[in-house]
Structure formats: C-alpha cells, structure tokens
Amino acid sequence: MRSVCLTFRHCVCIFDIYADRAGVGLGPDQGCIYFKDHNPPHVHVTAPDAAAVFKLDTLECIESKGFSAKALAKIQKALEARRDYLQEVWDEYQEG
C-alpha cells in the first residue's frame, strides 16, 4: 500500500495512518516526518486532541499524549506495514 504524501515547507505528511483518539472505530490521523529532525529516526502521529512519536527502527512509542493504549496499538500496526517506506522518507528528507 502506498501512502499519500504532501510535502510542506517543514515536513512530509503521510495521510493513510488510521486510528482514533479513543481507539474505537477508525478515523484519519496524519503522520509527519519533519525535515532535518533530530535522531533517532521517528514519525509524529497527530489527531485533533492527541499526539505520539514512534521510533522507526523498533516502532516503540517514545512520546504520547491523548491516545489510548488501544489506539497506540492500532497506530503501531499501521506504521509497521509502512516501516520501510517511512524510513525511506526519513532518509530522503534528513539529507542536505
């Protein structure tokens, strides 16, 4: 599955990562990789009232606010299916 990406001035947003804040049902969230961001390689996942950061190598959630454990598990599963692609995006946008 190929993600839909939009490139902005400061980040690349990937719009097919799905979960919702309560972990019930599915709703669109977005994953962002910021240009020239700090290591370790990671992706930011945001929803209207929640945010989380996942390391790309292990998919460990290293920051979270507002997401339930169930929602974090769904997001982690979605990220796992796209891990190679996300790593490619990270590598591309951290150069230069």
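General observations
- Pair list, Cβ under 9 Å, 6 or more apart: region 56-82 residue over 19 Å from H38 (Cβ atoms), other residue part of a helix (DSSP H, G or I): F67/I75
- Wholly within the chain, strands (runs of 3 or more DSSP E) carrying at least 2 residues that are of a type outside the set (S, T, N, Q) and at pLDDT below 85: 5-7, 11-18, 28-34
The values are calculated or read from the model by the stated rules, or taken from the named source; none is laboratory data. Worth saying up front: this structure is predicted, and the values here are computed from it rather than measured. Counting neighbours? That spans all protein chains shown, and the Cβs are built from the backbone with ideal geometry, glycine included.
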